[in-house]
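Please find one structure pasted underneath; my questions will follow.
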Ligand code: ATP
Ligand code: MG
Ligand code: MG
Ligand code: MG
């Protein structure tokens, strides 16, 4: 590729609204452009990286025996009604109507569509197990899209779904997927950790997340320095506004997932102190959320209402109101404006509490009980029982070593789903003995577009991105100095370009009429791993300069050795 015929789109200025380094560098290096909140265009260099990540994911999924399909982004509401998630899912689900007033959703995930497909296409035990995957666009109306493509509203996910006759068979595929994920993150060249996680709004019994370690991560993960133990931490400290979060100390959930289907069951199970009066929870928006504040109203009968208002009063500490009327008065909401919402923010407290709406944590006043906000009405609850304070340096829960706590970016998540969807949607096959049996399921997600940002968080310096070779947009930057003034340089550079191209090496030939300094800066910013500089003085000796982007080391190469060195 010649720079002069390419859309380089690099920029010098650091964009003011980009908080984390990966977001800044993705804009500056010309990888993405924002269209609207959480919506990004992938520019040519960004797309090259995205495709590389997708390619590695695809190869490892294929190797592990998964089969690729492609499902629609737009999904009919009927399927979501069948599974129960039409009611459960909450405001992240974007609902749309067609011209006939029929309801549809933009798919945030595809359990319903795949279960419907397998129900229709797979009828015999002989066709099992089967593991189907796609690499495709998802839409989630995130409460707070941020950090560029790290938390977009539209993003690329690899999602796989496996179907089995037995738990043992599911566990085998789960292990295979776990291994495939390790292979993927190793090949990309990321420092990552698999951790035990809660099953959130997807449901199921067993789940692991894969985290890329980075200070900008939104989750805390706790792991033992002497054993395999690692878990996601649900944090008290998430209550602090973004940007000024305290050093990671955390509330960790140490007990296995209990099941409760309703708030009432939850209250009973954990013997929670809930008064039969109306309570209000004030959620303070972060800087990004602007002035919007959200109030949650918990009623004595454990129903929850949500009120959004632009002009809630500033509150230093959580407020308690005695009645719905008082709340309406406080926020200036007229009668009728307090509509019921989905129960995806269950918060139970003996007194008014504050909680953070997008970090998934809520606490009652004594700080003992934490609830994951992603909990939904008919979904297995995350681990919420005996929650203890843990801190870095504590002994670990499995009796080996001490705990370290680090920030992580969730780049993958695998679940043993069980029969949640297959039961609700009657997805089964005829067994060997001729009986109809409902299938058990697993599902496995990877944030393909998020990985691009996560990789930059781990691989950059003050000059820009440093791509791991496996996902670099180009392998080589060919930089001729003052080519437009020197015929000799032009000739040598063109010849090298041809050689490299013919050898199948992805090379960006910077043939712009720019000063060398500008070219060096752009190629470094873009993070191209190997630079070859063609200059007058070295050509006298039939040599060019090679520079390694990561180490900064330079060396001279004979012209006829360049290809073998790069290969
Ligand atoms: P998060 O906790 O970050 O909101 P999630 O747990 O809701 O993620 P999953 O339902 O587990 O996400 O989806 C599988 C993967 O998709 C995640 O592990 C993550 O890598 C990616 N992902 C989820 N939401 C987004 C988003 N808004 N933007 C980019 N990638 C995302
Ligand atoms: Mg989410
Ligand atoms: Mg998550
Ligand atoms: Mg997840």
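None of the figures in this text is laboratory data; all of them are computed from the coordinates on show. What you see is a predicted model; the values in this text were computed from it and never measured. Using ideal geometry, Cβ is built from the backbone for each residue, glycine included, and neighbour counts are taken over all protein chains shown.
When you count, for each residue, the other Cβ atoms within 10 Å and take the mean per peptide, how do 56-63, 554-561, 73-80 rank with the highest first?
Ranking the peptides 56-63, 554-561, 73-80 by packing returns 56-63, 73-80, 554-561.
log10 I(q)/I(0), Debye, Cα-only the range 72-185, no solvent, q = 0.19, 0.20, 0.23 Å⁻¹?
Values returned for q = 0.19, 0.20, 0.23 Å⁻¹ are -1.14, -1.20, -1.30.
Which order do the peptides 123-132, 91-100, 476-485, 401-410 come out in when sorted by mean C-beta neighbours inside 10 angstrom, highest first?
476-485, 401-410, 123-132, 91-100
So, one more: What shape does the range 391-503 take by its C-alpha gyration tensor, where a ≥ b ≥ c are the square roots of the eigenvalues and a/c under 1.5 counts as rounded, a/b above b/c as prolate, and the rest as oblate?
Oblate, since a/c reaches 1.5 and b/c is not below a/b.
Would you please give the FRET efficiency between residue 95 and residue 36, computed as 1/(1 + (r/R0)^6) with r the Cβ-Cβ distance and R0 = 30 Å, to the nearest 0.05?
Efficiency at R0 = 30 Å is approximately 0.95.
Considering the zone a paramagnetic label at residue 102 would reach in this model (a point 7 Å from Cα along the Cα-to-Cβ line), which residues of the range 110-135 have amide N under 16 Å from it?
Under 16 Å, as judged by backbone N against the label point of residue 102, lie 113 of the range 110-135.
May I ask what percent, to the nearest 5, of DSSP beta bridges between residues of the range 451-564 are antiparallel?
60
Another one. Rounded to the nearest 0.05, what FRET efficiency do residue 563 and residue 226 give with R0 = 35 Å and r taken as the Cβ-Cβ distance? Could you check?
So, using R0 = 35 Å, E works out to roughly 0.15.
Then there is this: Work out the FRET efficiency for residue 16 and residue 515 from their Cβ-Cβ distance, taking R0 = 30 Å, and round it to the nearest 0.05.
Plugging the Cβ-Cβ distance into 1/(1 + (r/R0)^6) gives 0.65.
On a C-alpha basis, how far is the centre of the range 488-562 from the centre of the range 123-171 in Å? Whole number, if you could?
The range 488-562 and the range 123-171 have Cα centres spaced 42 Å from each other.
Taking the mean number of other Cβ atoms within 10 Å as a proxy for protection, how do you rank 467-475, 32-40 from highest to lowest?
Put in order of decreasing packing, that is 467-475, 32-40.
In nm, give the distance between the simple-model label positions of residue 537 and residue 495, each being 7 Å from the Cα along the Cα-to-Cβ direction.
Spacing of the two 7 Å Cα→Cβ label points: 2.2 nm.
At 7 Å along the Cα-to-beta-carbon direction for both residue 68 and residue 166, put a label point, then send me their distance in nm to one decimal.
With each label placed 7 Å out from Cα toward Cβ, I get 3.3 nm.
Sticking with the crude label model, points 7 Å out along Cα→Cβ, report the distance from residue 505 to residue 550 in nm, one decimal please.
Computed distance between label sites residue 505 and residue 550 equals 1.7 nm.
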